[in-house]
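S.K.: Questions regarding the structure given below will be posed in turn.
The values are calculated or read from the model by the stated rules, or taken from the named source; none is laboratory data. Computed from a predicted structure; not experimentally measured. For neighbour counting, all protein chains shown are included, and Cβ atoms are generated from backbone atoms with ideal geometry for every residue, glycine included.
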Amino acid sequence: MKSAQQTHRRARRFVPAASPRTSTLSVIFPPPPRHVGTRVVSLALAIASLGHHAMARGHDAEWIELEHAPAPPDNPLKGFVPYAGQARDFPHSMEFRYFALSEIMPAPDQFDWSPVDRFLEEVAQRGCQGIFRVWLEYPGRPSGLPRWLRESGVHLTPYAHEQQVTLTPDYSHPAVRRAMVTAIQALGTRYDSDPRVAYITAGFLGQWGEWHTYPRDDLWAPKAVQEEIMNAYERSFHRVPILLRYPAGEQDPDYAPNHRRPFGYHDDSFAWATLETGRKAD
């Protein structure tokens, strides 16, 4: 996992992250999925039906006034998110895991979902939902690019930073672009209706799938590639919310606009600003 002082691309500063045994993922609640309105209406109708039934029973009906109480810290879809199987000493409702693309895509148009399914089943057995992300480069680890893509001639650029070597693939390569879009489509087909999944973070691009290649900004994915990734997610997912790393408007110099898309945002840092706030202390 990231070092104790991991340099963050957007803010051009060090972002601390704890060790894999104690670190958490901070999640920003996304916009409601497009199907939520239907569920709310259905729930309201059900409540109204129950109320009518109770009133029809006459004296059997009884009003119960509930006292205010703080929401439980393990409410679904919110709160701290530990790595899968860790941090069992505090309440949580979700757990997180990374997957290299090479783990789940052994050949073109072929997928092995057993690692993801195993993760989701283990998390579900603990009464939680899963969040996961697919990556192609991870500082200090071998490339997450599938072997068949490497053997097809996709170039990897190695560079050292903070005593770790990163292998960044050529995100503009047509074969890489096709593989990422195909993988997202397959993810949507398999997991968009899976209740074990809380969110999926967009991933695929940049270190840890965090959408940056700091300090090698010259290796970052072009906006056209970013658009392809977001378009694939928007076409493939209609229930499970997708989270992006950085909000971006029309004039952003590094990122394709995403402020009008039906996505939320996540932040892998806690108690430390990872976007510019105008204050040096942050």
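S.K.: Say we look at segment 135-167 and pick out the residues that are in contact with a Phe, Trp or Tyr (Cβ under 8 Å, 6 or more places away or on another chain) and β-branched (Val, Ile, Thr); which of these is farthest from ARG177 (Cα to Cα)?
M.R.: Selected residue: VAL165.
S.K.: Further question: What about LEU205, is it at pLDDT 95 or above, closer than 19 Å to PRO146 by Cβ and outside any helix (DSSP H, G or I)?
M.R.: Numbers: at pLDDT 95 or above: yes; closer than 19 Å to PRO146 by Cβ: yes; outside any helix (DSSP H, G or I): yes.
Spelling it out, LEU205 is indeed at pLDDT 95 or above, closer than 19 Å to PRO146 by Cβ and outside any helix (DSSP H, G or I).
S.K.: Kindly indicate which of ALA198, ALA224, ALA232 is over 19 Å from the mean Cα position of the chain (by Cα) and among the aliphatic types (A, V, I, L, M). Let's see the steps before the verdict.
M.R.: Numbers: ALA198 fails: over 19 Å from the mean Cα position of the chain (by Cα); ALA232 fails: over 19 Å from the mean Cα position of the chain (by Cα).
Result: ALA224 is the single residue among ALA198, ALA224, ALA232 that is over 19 Å from the mean Cα position of the chain (by Cα) and among the aliphatic types (A, V, I, L, M).
S.K.: Based on what the data block shows, is PRO158 over 23 Å from ILE184 (Cα atoms) and exposed (fewer than 15 other Cβ atoms within 10 Å of the Cβ)? Before you say what the answer is, go through the steps one by one.
M.R.: Details: over 23 Å from ILE184 (Cα atoms): yes; exposed (fewer than 15 other Cβ atoms within 10 Å of the Cβ): yes.
Judged against the criteria, PRO158 is a match.
S.K.: Only one of ALA221, ALA179 is closer than 12 Å to LEU101 by Cα and either surrounded by fewer than 22 Cβ atoms within 10 Å (Cβ to Cβ) or of a type in the set (A, V, I, L, M) (or both); which? Reasoning before the result, please.
M.R.: Details: ALA221 fails: closer than 12 Å to LEU101 by Cα.
Exactly one of ALA221, ALA179 is closer than 12 Å to LEU101 by Cα and either surrounded by fewer than 22 Cβ atoms within 10 Å (Cβ to Cβ) or of a type in the set (A, V, I, L, M) (or both), namely ALA179.
S.K.: Now for a different question. Residue by residue through segment 184-202, note down the ones that are small (Gly, Ala, Ser), buried (at least 21 other Cβ atoms within 10 Å of the Cβ) and either part of a helix (DSSP H, G or I) or at pLDDT below 95 (or both).
M.R.: Answer for segment 184-202, where residues must be small (Gly, Ala, Ser), buried (at least 21 other Cβ atoms within 10 Å of the Cβ) and either part of a helix (DSSP H, G or I) or at pLDDT below 95 (or both): just GLY188.
S.K.: Same structure, new question: Name the pairs: first residue in segment 133-150 and of a type in the set (S, T, N, Q), second residue in a strand (DSSP E or B) and at pLDDT 95 or above, Cβ to Cβ under 8 Å, at least 6 apart or on different chains?
M.R.: Note: pairs meeting the criteria are SER143/GLU137; SER143/LEU156; SER143/LEU167; SER143/PRO169.
S.K.: Something else: Can you name the residue in segment 224-282 that is among the β-branched types (Val, Ile, Thr) and in a loop (DSSP other than H, G, I, E, B) and, of all such residues, is modelled with the highest pLDDT? Before the answer, list the steps.
M.R.: Step one: of segment 224-282, the residues among the β-branched types (Val, Ile, Thr) are 225, 229, 240, 242, 274, 277.
After this cut, where a residue has to be in a loop (DSSP other than H, G, I, E, B) as well, the list is 240, 274, 277.
Values: VAL240: 97, THR274: 70, THR277: 74.
For segment 224-282, the residue satisfying everything is VAL240.
S.K.: If you don't mind, another one. Just checking: which of the helices (runs of 4 or more DSSP H) contained wholly in segment 63-170 hold 2 or more residues that are in contact with a Lys or Arg (Cβ under 9 Å, 6 or more places away or on another chain) and on the phi < 0 side of the Ramachandran plot?
M.R.: Values: elements: 101-104, 114-125, 147-151.
It comes to 114-125.
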